[in-house]
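Undergrad: Here it is: the structure, laid out below.
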Amino acid sequence: MIKAYYTVELRNNKGKTLKRKKYKSHSFLKQFAQMLYCILGTTFNSSCPSQSVLDVNGAARTYPYCTQAFNVTVPTCDINLTTAGIVIGTGSTANTVDTYKLASLLTSGISVLRTERIAPSVSDNSITFGLKKEFRNLTGSTQYISEVGIYARADDSGGAIRDFCIVRDVLPEPIEFPNGYILTITYNFTITVS
């Protein structure tokens, strides 16, 4: 069984934690399932299955680009990348099976302070790993974050790198994100063996 949780932590401009909440992620999207199907459906030295997957611009892309193997990454090392990896937004539209992006991605005036991959750890019959990203609000005003997600990068059939939304969660209530403050989003994935 695979479970995912995300934690939202807000710190002021002096680093004091003001709010920290953990939520269960309910929203692996269709793109996640399509990409996983392709990865699991391939055998050594055989043709690979492909799917028409919507990228974050709503364009149908053939995934995977088999001569590049299965290049799916969640960028964590580009410090200024607000458009891939963990992303934040201000939209509150509920997910449907056709959701392919955040409703209102927030990038302008947002800086990324740190990204991190959380290495797998084993406890009893579970393995947990994760991703973490810290954002600073430099927009000049308070933003209300109501959605978070993960944009993965992959090559399409033409060999071009595309972004695909694989996870999107709408928060139970918006998080007030004042100018100068730091918002940390952490996604943890747990696989339980039984």
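The values are calculated or read from the model by the stated rules, or taken from the named source; none is laboratory data. Note that the structure is predicted; figures quoted are calculated from it, not measured. Please note: Cβ atoms are built from the backbone with ideal geometry, for glycine as well, and neighbour counts cover all protein chains shown.
Undergrad: If you scan the stretch 140-189, which residues turn out to be surrounded by fewer than 16 Cβ atoms within 10 Å (Cβ to Cβ) and at pLDDT 95 or above?
TA: Gly140, Ser141, Thr142, Tyr144, Pro172, Glu173, Pro174, Glu176, Pro178, Asn179, Gly180 - these are the residues of the stretch 140-189 that are surrounded by fewer than 16 Cβ atoms within 10 Å (Cβ to Cβ) and at pLDDT 95 or above.
Undergrad: Also, I was wondering about something else. Being within 20 Å of Pro172 (Cα to Cα) and not hydroxyl-bearing (Ser, Thr, Tyr) is the filter here, so list the residues in the stretch 136-147 that pass it. Please lay out each step first, then the result.
TA: Our first condition is that a residue be within 20 Å of Pro172 (Cα to Cα); within the stretch 136-147, this holds for 142-147.
Across the stretch 136-147, the qualifying residues are Gln143, Ile145, Glu147.
Undergrad: What's the number of the only condition in (1) modelled with pLDDT of 90 or more; (2) more than 30 Å from Thr192 (Cα to Cα) that Lys19 fails to meet?
TA: (2)
Undergrad: Every residue in the stretch 76-113 that is touching a Lys or Arg at 6+ places or on another chain (Cβ under 8 Å), within 22 Å of Gly180 (Cβ to Cβ) and either among the β-branched types (Val, Ile, Thr) or at pLDDT below 90 (or both), please. Walk me through how you get there before you give the answer.
TA: Taking the stretch 76-113 as the starting set, the residues that turn out to be touching a Lys or Arg at 6+ places or on another chain (Cβ under 8 Å) are 76, 79, 84-86, 95, 97-102, 110-113.
Now narrow it down to the ones that are within 22 Å of Gly180 (Cβ to Cβ): 79, 86, 110-113.
Within the stretch 76-113, Ile79, Ile86, Ile110, Val112 meet the criteria.
Undergrad: List every residue pair whose Cβ atoms sit under 8 Å apart, with the two residues 6 or more apart in sequence or on different chains, where the first one lies in the stretch 18-29 and is closer than 25 Å to Gly180 by Cα and of a type in the set (Phe, Trp, Tyr) and the second, anywhere, is outside any loop (DSSP other than H, G, I, E, B) and at pLDDT 95 or above.
TA: Cβ pairs passing all conditions: Tyr23/Tyr5; Tyr23/Tyr6; Tyr23/Thr7; Tyr23/Val8; Tyr23/Asp169; Tyr23/Leu171; Tyr23/Pro172.
Undergrad: Further question: Please determine whether any residue of the stretch 155-173 is assigned to a loop (DSSP other than H, G, I, E, B) and among the hydroxyl-bearing types (Ser, Thr, Tyr).
TA: Residues of the stretch 155-173 assigned to a loop (DSSP other than H, G, I, E, B): 156-160.
Right, trim to among the hydroxyl-bearing types (Ser, Thr, Tyr) and you get 157.
The answer is yes; a qualifying residue exists.
Undergrad: Does Arg117 qualify as being out of contact with any helix residue (DSSP H, G or I) (no Cβ under 7 Å at 6 or more places or on another chain), part of a strand (DSSP E or B) and within 15 Å of Val8 (Cα to Cα)?
TA: Numbers: out of contact with any helix residue (DSSP H, G or I) (no Cβ under 7 Å at 6 or more places or on another chain): yes; part of a strand (DSSP E or B): yes; within 15 Å of Val8 (Cα to Cα): no.
In short, no.
Undergrad: For the stretch 122-139, what are the residues that are surrounded by fewer than 17 Cβ atoms within 10 Å (Cβ to Cβ), farther than 18 Å from Asn13 by Cβ and without any contact (Cβ under 8 Å) to a residue 60 or more places away in the chain? Steps first, please.
TA: The first filter runs over the stretch 122-139 and keeps only residues surrounded by fewer than 17 Cβ atoms within 10 Å (Cβ to Cβ), leaving 122-127, 129, 138-139.
Add one more test, that the residue is farther than 18 Å from Asn13 by Cβ, and what stays is 122-127, 129.
Matches in the stretch 122-139: Val122, Ser123, Asp124.
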